[in-house]
Amino acid sequence: MDLIDEPRLVRLNPNVPTKTRGNAALVARFGHGRGASRIVGQSPEGPVRAFAGGSDVSPAECDRLVERLWATVQDSSALGDPGTDPALVVARRRPPAALYWEAVRRIVTPAEVDSWLEGTEPQWRSAPSGLGKIGAAAALAWPGGHPTWEVITYRPQARWASRRDVDTGSVLRAARRHPRLFQCFDARTRRLLIAPHTRCPILFGLRATDAGEAIAALREVRSEPYDRWMLFRTNQGTGDHVRRPWPLPSGPYTTGTLSGRLVSVPVSSRGGHLFFEVDARPNLRVRCAVFEPTKTLPQVVRALLPGDRVRLWGGSHDDALFRVEGVDVVAWGPRRRPGPNPACPACARQMGSLGRGRGFRCGRCRLRLPPERRGVEPVPPAIPLGRYHPTPSARRHLSPRGPEPEIPRGRMN
């Protein structure tokens with residue numbers, strides 16, 4: 001069999017409690033390739049080629065493929081680790097896109113997946129709970145529009161437990177030469193973002209909005225040897241999970257956007273997190289939170305005042321708290337502060353305060369004025385209107401892409 005089109009790496013709902021660390025599924029289409037092909041990967045056996053089109057496989061070939069793939073999945077899974085829940089779904093036809101859109105934004109049940117798979121001639125294998133089938137089927141249903149790409153390198157198994165060796169300086173130089181790369185380095189935390197920190201087969205991955213630039217940059221990164229690489233079409237950086245309003249009232253583990261006006265001054269908690277309320281619609285206030293690891297978002301929220309209009313994106317867990325992943329500051333509300341002490345109407349000398357709520361008195365004329373004569377003056381906003389993202393190391397894989405921070409120059413190891 002041949003690979004048809006690029007394989008896919010599809011990220012799933014980032015708020016579900018049963019998610020894996022990467023919270024993704026891999027998708028590949030197989031058939032008998034026709035016409036031209038192109039290289040989308042490299043393995044010890046040689047180049048991996050993908051065809052633009054091809055003919056379907058026979059039912060018998062499909063059955064053999066299912067058994068071979070499931071044996072590979074089981075052999076590659078850490079079945080003894082808590083939460084490991086591998087699954088394989090094979091379908092003759094792509095499931096409806098609605099399955100993807102629902103699963104990336106809310107909790108979807110196995111029964112719902114079964115109904116969406118009707119008519120696709122599905123086969124599946126899963127262990128131990130069967131929940132992994134949800135993510136695998138949802139990834140199959142991804143329509144693939146407005147994609148990004150990631151080229152991933154893989155280590156020989158003998159090196160999986162050892163420390164990774166990826167030269168940071170070469171990554172920064174590649175990112176400067178290839179501006180369509182994203183999420184490579186966090187200048188604020190000085191953290192390299194292309195390499196995982198767990199015991200797994202991946203050495204590093206380069207994300208980009210152009211497949212050619214991802215592959216070109218791969219050749220420029222200096223690292224320990226890797227024995228294979230693969231190019232994936234992905235939904236990373238698309239914001240697919242927040243492409244519609246957050247449902248009100250919300251269910252658990254749902255995602256979306258929330259628009260409204262601030263109705264409370266943000267309150268700090270231990271650890272630097274901030275909590276505030278947004279008037280999402282008449283008589284409905286939503287409690288929101290921004291967390292310190294996002295770095296930039298607490299600074300943005302501290303600059304807001306009640307009456308300011310915002311559009312937030314994020315989601316909930318098993319409670320009503322909206323966990324903010326990003327902020328659009330849409331419009332300013334009234335921004336005023338008490339003005340200076342009034343001038344004496346008799347002698348024009350500035351009057352002195354008699355204390356909170358007691359008014360003012362002229363030191364020369366002894367004339368008194370009530371406290372409301374102080375007046376107010378406008379306060380300029382501390383930040384401009386616009387969109388604010390977390391620092392790159394705190395962004396979710398699915399989060400909408402934001403401006404990349406300036407890449408530092410100079411020697412970095």
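The values are calculated or read from the model by the stated rules, or taken from the named source; none is laboratory data. What you see is a predicted model; the values in this text were computed from it and never measured. Here the Cβ positions follow ideal geometry from the backbone for every residue, glycine too, while neighbour counts run over all protein chains shown.
One line per residue, one yes/no per condition, for (1) more than 22 Å from Leu258 (Cβ to Cβ); (2) β-branched (Val, Ile, Thr):
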residue	(1), (2)
Val329	no, yes
Trp332	no, no
Gly352	yes, no
Gly355	yes, no
Cys362	yes, no
Arg373	yes, no
Glu377	yes, no
Arg387	no, no
Leu398	no, no
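Quick check on the stretch 121-149: of everything there that is assigned to a loop (DSSP other than H, G, I, E, B) and aliphatic (A, V, I, L, M), which residue is modelled with the highest pLDDT?
Leu131
Determine whether Arg49 is outside any helix (DSSP H, G or I) and farther than 24 Å from Ala138 by Cα. Full working, then the answer.
Details: outside any helix (DSSP H, G or I): yes; farther than 24 Å from Ala138 by Cα: yes.
Here the answer is yes, as Arg49 does meet what is asked.
Give the stretch 150-177 a look and list any residue that's assigned to a loop (DSSP other than H, G, I, E, B) and touching a strand residue (DSSP E or B) at 6+ places or on another chain (Cβ under 7 Å), or say none.
Keep residues of the stretch 150-177 that are assigned to a loop (DSSP other than H, G, I, E, B), which gives 155-156, 160-165, 167.
Of everything in the stretch 150-177, those that are assigned to a loop (DSSP other than H, G, I, E, B) and touching a strand residue (DSSP E or B) at 6+ places or on another chain (Cβ under 7 Å) turn out to be Arg155, Arg164, Asp165, Asp167.
Pick out the one residue from Arg106, Arg92 that is over 21 Å from Pro17 (Cβ atoms) and charged (D, E, K, R). Break it down into steps so the answer makes sense when it comes.
Values: Arg106 fails: over 21 Å from Pro17 (Cβ atoms).
Every option except Arg92 fails the conditions.
Looking at (1) over 19 Å from His397 (Cβ atoms); (2) touching a residue at least 12 places away in the same chain (Cβ under 8 Å), which is the one condition that is false for Arg163?
Status for Arg163: all satisfied but (2).
Of all the residues that make up the stretch 178-204, how many are in a strand (DSSP E or B) and of a type in the set (A, V, I, L, M)? Step through it out loud before you land on a result.
Of the residues in the stretch 178-204, the ones in a strand (DSSP E or B) are 181-182, 185-186, 191-192, 202-204.
Then keep just the ones that are of a type in the set (A, V, I, L, M); that gives 181, 192, 202-203.
Qualifying residue count, the stretch 178-204: 4.
Results for (1) of a type outside the set (A, V, I, L, M, F, W, C); (2) at pLDDT 95 or above; (3) outside the structural domain of Pro14 (by TED's automatic domain parsing), shown as yes or no for each residue.
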{"position": "Ala36", "(1), (2), (3)": "no, no, no"}
{"position": "Gly46", "(1), (2), (3)": "yes, yes, no"}
{"position": "Val57", "(1), (2), (3)": "no, no, no"}
{"position": "Ala98", "(1), (2), (3)": "no, yes, no"}
{"position": "Gly119", "(1), (2), (3)": "yes, no, no"}
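When residues of the stretch 257-309 are filtered for being under 15 Å from His389 (Cα atoms), in a strand (DSSP E or B) and not hydrophobic (A, V, I, L, M, F, W, C), how many remain?
Going through the stretch 257-309 one residue at a time, the tally reaches 1.
Go through the stretch 321-335 and count every residue that is at pLDDT below 90 and exposed (fewer than 12 other Cβ atoms within 10 Å of the Cβ).
Pass one, the stretch 321-335, residues at pLDDT below 90: 334-335.
When the remaining residues are screened for being exposed (fewer than 12 other Cβ atoms within 10 Å of the Cβ), the result is 334.
Residues meeting the conditions: 1.
I need the full set of residues from the stretch 66-101 which are of a type in the set (A, V, I, L, M) and part of a loop (DSSP other than H, G, I, E, B), in order please. Walk me through how you get there before you give the answer.
Looking only at the stretch 66-101, we keep the residues that are of a type in the set (A, V, I, L, M), and these are 66, 69, 71, 73, 78-79, 87-91, 97-99.
Across the stretch 66-101, the qualifying residues are Ala78, Leu79, Ala91.
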